[in-house]
Amino acid sequence: MKQSKFFSSSLLFVIIMTIPFGLQADALIDQSSNIFKFQQKLANNGNVGAQYKLASMYESGDGVTASIEQAKHWYGRAADAGSKPAMHRNTYLITKEQGYDQAKNGAWLKSVKKDANARDADAMLLLGQLYGEGLGVKKDLVKSLELLEQVQMLGAANVDSQIAKIRSEFAVIENNEQQSQEPAKIDVGQAEKDRLKMLKAKAKKDSYNEKVKRYEQVMEKLRKEQEKIDKQQAWATGGAGLAGADDEI
């Protein structure tokens with residue numbers, strides 16, 4: 001049975017690798033939708049990890065229409081069940097809407113920083129977003145980029161679009177500095193200027209390798225998600241010696 005599932009997963013991966021890129025994009029969308037449905041089933045059965053995953057999919061619009069309200073709902077359920085990362089992100093979404101209040105949110109921010117310093121990937125991602133937005137902390141694009149790049153290297157989350165957005169902000173700042181006769185309105189500091197130089201050097205390189213790398217990351221994510229689906233299917237049907245979903249109801 002295990003060998004058959006591995007073959008099925010591997011075959012799916014090989015087939016997707018051989019079809020045109022445009023069709024692969026459609027396959028990835030279908031894959032995300034399937035993952036969403038499985039996570040939704042598990043979440044409704046009380047699986048805390050699935051509740052967190054479902055909330056993150058609603059937050060990012062991955063496999064489902066984005067809905068911050070649904071994201072807060074599922075983060076809230078996972079947080080009530082004891083998930084600290086879910087509590088952090090739920091507070092983050094609420095704080096974005098209501099604004100940061102030191103008296104109300106200070107302990108939360110301190111906890112996020114502590115977990116990020118301990119190399120917790122979820123907290124690192126969140127702190128990177130806070131620095132990028134200037135929410136609760138002084139806006140610092142250098143720190144934001146460093147944290148998001150670390151999350152990217154860990155493979156803990158897809159942060160490509162967020163990294164690209166920050167690099168675009170850097171480019172705008174650099175362009176303003178070059179064109180303006182007056183001091184730049186945004187004081188980026190020496191560390192940020194050094195970072196700008198490095199990013200500019202990177203931008204001159206051939207982008208082909210970057211595209212290949214991203215494509216390989218997407219395919220690796222697809223492979224891992226397929227493995228999750230296989231395990232979840234086994235759980236849902238009571239296969240592979242696991243207690244099935246029907247057994248828990």
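The values are calculated or read from the model by the stated rules, or taken from the named source; none is laboratory data. Quick caveat, the model's predicted, so the values are computed rather than measured. In this analysis, Cβ positions are derived from the backbone assuming ideal geometry, glycine residues included, and neighbour counts consider all displayed protein chains.
Within the range 31-69, restricting attention to residues that are within 14 Å of the chain's Cα centre (by Cα), in contact (Cβ under 8 Å) with a residue 24 or more places away in the chain and assigned to a loop (DSSP other than H, G, I, E, B), the residue that is surrounded by the fewest Cβ atoms within 10 Å (Cβ to Cβ) is ASP62. Just one of the numbered conditions (1) hydrophobic (A, V, I, L, M, F, W, C); (2) touching a Lys or Arg at 6+ places or on another chain (Cβ under 6 Å); (3) modelled with pLDDT of 90 or more is not true of ALA43: (2). Within the range 160-177, is there a residue that is in contact (Cβ under 8 Å) with a residue 40 or more places away in the chain and either in a helix (DSSP H, G or I) or loosely packed, with under 14 Cβ neighbours inside 10 Å (or both)? Looking for residues that are in contact (Cβ under 8 Å) with a residue 40 or more places away in the chain and either in a helix (DSSP H, G or I) or loosely packed, with under 14 Cβ neighbours inside 10 Å (or both), one finds at least one in the range 160-177, hence yes.
In the range 76-93, how many are surrounded by fewer than 17 Cβ atoms within 10 Å (Cβ to Cβ) and closer than 16 Å to ALA107 by Cα? Of the residues in the range 76-93, 1 are surrounded by fewer than 17 Cβ atoms within 10 Å (Cβ to Cβ) and closer than 16 Å to ALA107 by Cα.
Among the residues of the range 137-159, which ones are part of a helix (DSSP H, G or I) and not β-branched (Val, Ile, Thr)? Across the range 137-159, the qualifying residues are LEU141, LYS143, SER144, LEU145, GLU146, LEU147, LEU148, GLU149, GLN150, GLN152, MET153, LEU154. Filter the range 70-103 down to the residues that are in a helix (DSSP H, G or I) and among the small types (Gly, Ala, Ser), then identify the one that is farthest from MET57 (Cα to Cα). For the range 70-103, the residue satisfying everything is ALA103. Where residues in the range 153-180 are within 18 Å of GLU59 (Cβ to Cβ) and polar (S, T, N, Q), which of them is modelled with the lowest pLDDT? Across the range 153-180, the extreme among qualifying residues is ASN158. Any residue at all in the range 130-140 that is within 15 Å of the chain's Cα centre (by Cα) and modelled with pLDDT of 95 or more? The answer is yes, given that some residue of the range 130-140 is within 15 Å of the chain's Cα centre (by Cα) and modelled with pLDDT of 95 or more.
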